[in-house]
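Please read through the structure below; I'll follow up with questions.
The values are calculated or read from the model by the stated rules, or taken from the named source; none is laboratory data. Since this is a predicted model, take the numbers as computed values, not measurements. Backbone-built Cβ (ideal geometry, glycine too); neighbour counts: all protein chains shown.
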Amino acid sequence: MNELLVRLRQKPLLASELLAATFFINLLGFASPVFVMLILGVYINAGFDGTLITLSIGMLIAMLIKLAFQQVRMLQANELGSGRDRRLSDSVFEVLSRARTSVLERMPGARRLEAAGHAQAVQNAYGAMNVTAVLDAPFSLFFLAATWWLSPALALVGLIGIGLSLAAGFFSMKFSREHAGNLQNLSAANRGLLSSAMYGADTVRVFRGKEFLGRAWEQQTRKMSGLRKTLARLNGRSISLTLANMTFIRVVIYAVGAKECVMGELSFAALIVANILVSRALRQVTGLLSAMLQFSRAKTALAELEEFFKLPLEPESGTAMRAYSGALELKDLGFGYPGGTGPLFESLTLSLRPGNVLVAHGYNGAGKTTLARMTAGLIEPLRGEILADGVNLRQMAPGWWRGQIIYMPQEPTFLNGTIRENITMANPDVSPEALGRIISACRLTRFLDNLEHGLDTQITDAGRNLPLGFRRRLALARALATNGALAILDEPTEGLDADGARAVYAVIREMAAAGKTVIAFSHDVNILRGANFTLNLSVKPTPKITAAPTQGSPGGDMKDAGKSRIQ
């Protein structure tokens, strides 16, 4: 309910118009009872057809006016929450796209996806039907007041009926809230299981993962089925009680009203009208209870969204230098993951000048990818500083910094869009000529020629369905499109054939020759051969830095390695 008040306060003029439309709709709601009373009390007694025609025309006009108000009110109710709903969806997207990676990655993927579902649940709960149901509910008292004018006893019966409906509704919400929360948690876990089955198709088949997932699936679906049955039983019981209550109240009204008619205290027309008025009041209270049930679920969703929105975001502002030379310095750098037995590395200090090539190597899990992502500004060190041209990376605007680097991650993913859009995403202004040179340097031409739409081929499913070699080449092309001064290449030749590896060697040589700083995380001996420095992350806790006595050329013994230019 607080969320509804927030939406009303945010648009006071629209809210006042909505309340005014609600008032006139409910005022016109008296037209039907008045029509019935006049027909039964005036026309039947007088028998004058002119009266019947006049009353019927008046009733039709009232109905048309009421219908017009209802249509207008529905549009107003939809507009009432449109801005709030957009901001809610935008906030979810903002957190997903700007939250600090180290924090966001600790949240299970299914939970991240749930955030969008929570926003949709709130939007559905505060839709036009529920909003108008809440606004109509107070007018049930007006219908009871009109009933009181006809018969205090019948009004009291209606009031008791409303009390019974409210009690049944609140008890139903109380019991179903806990079950609904448990079902939501199980649904999130179930989606995670589905994700494992979809993205681990080979594992499921080759390693008999079906049996493993099947056991978990059976347990989850059994529990979910039980919770759904419980909720359905509670909802069914609530609906049955509501209908039974309405039937009971109608019977009592006719019984009490008939007694008053016999005693001469109430006319037959007034009895019919009283039944109409009480029934309308009960329907409005039932609509309120249905809206309140959805509001209760939305309240839980909003609470989880509030926690989601508290995730720390990357800053949008910061230092942006006029030009970056490519110089990079690591000062007393240290990092370790929560729960680890020790730091991945500590007291790491080195300095790279423009044009230097550093190759970092080490066993799996030694911290190569972590250091690569740290240098790209995706995660922050626990201790120490990373300086670019003497400026701490923490002080830099993240967007500007990522425009200065050529970053190729070990496990690249892509966004749904064309190949062209994915390559040029970080630099939409790249010229067609430069794009052609990048494609040639990455040896993508042969792959693109085999595609019907070439660069305009759509990428789906984050590119997981693309061949590994093509993904690696595409990741290199996307990195080169920024034309930054610092290259960070994480296992750049992994998964590539000899032709792809030669393309990488050529690119590294060209970047070094052009004065770009290169940091490659690789065991490839051909890349190691061209390093100015090597960084052995297998040495703990402080990695070992070695200056190359004589610098070779990456892949220098391979033919045709350096023919493509990417300047």
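Out of region 287-312, which residues are farther than 18 Å from Lys174 by Cβ and exposed (fewer than 15 other Cβ atoms within 10 Å of the Cβ)?
Scanning region 287-312 gives Glu306, Glu307, Lys310, Pro312.
Go through region 12-49 and report how many residues are among the small types (Gly, Ala, Ser) and either in contact with a Pro (Cβ under 7 Å, 6 or more places away or on another chain) or modelled with pLDDT under 85 (or both).
5
If Thr147 passes every condition in (1) closer than 30 Å to Cys261 by Cα; (2) of a type in the set (Val, Ile, Thr); (3) surrounded by fewer than 19 Cβ atoms within 10 Å (Cβ to Cβ) but one, which one does it miss?
(3) is the only condition that Thr147 fails.
Residues being surrounded by fewer than 14 Cβ atoms within 10 Å (Cβ to Cβ) and either among the charged types (D, E, K, R) or assigned by TED's automatic domain parsing to the domain that holds Ile379 (or both): count how many of those fall in region 314-336.
Result for region 314-336: 3.
Taking region 96-123 as the region of interest, how many residues are within 9 Å of the chain's Cα centre (by Cα) and modelled with pLDDT of 80 or more?
Within region 96-123, residues that are within 9 Å of the chain's Cα centre (by Cα) and modelled with pLDDT of 80 or more number 4.
Could you check Leu415 against (1) closer than 27 Å to Glu510 by Cα; (2) in contact with a helix residue (DSSP H, G or I) (Cβ under 7 Å, 6 or more places away or on another chain); (3) surrounded by fewer than 16 Cβ atoms within 10 Å (Cβ to Cβ) and say which number it fails?
Only one criterion is unmet by Leu415, namely (1).
Consider region 224-261. How many of its residues are buried (at least 16 other Cβ atoms within 10 Å of the Cβ) and at pLDDT below 85?
The number of residues fulfilling the criteria is 10.
Sort through Thr286, Thr300 and tell me the only one that's touching a His at 6+ places or on another chain (Cβ under 9 Å), in contact (Cβ under 8 Å) with a residue 60 or more places away in the chain and either among the polar types (S, T, N, Q) or not in a helix (DSSP H, G or I) (or both).
The match here is Thr300.
With region 378-477 as the region, which helices (runs of 4 or more DSSP H) entirely inside it contain at least 2 residues that are over 33 Å from the mean Cα position of the chain (by Cα)?
The qualifying helices (runs of 4 or more DSSP H) are 432-441, 445-449.
Name, by its number, the condition in (1) touching a strand residue (DSSP E or B) at 6+ places or on another chain (Cβ under 9 Å); (2) outside any helix (DSSP H, G or I) that does not hold for Asn364.
The single condition Asn364 does not satisfy is (1).
Can you tell me which residue is modelled with the lowest pLDDT among those in region 265-283 that are surrounded by fewer than 21 Cβ atoms within 10 Å (Cβ to Cβ), part of a helix (DSSP H, G or I) and not aliphatic (A, V, I, L, M)?
My answer is Phe268.
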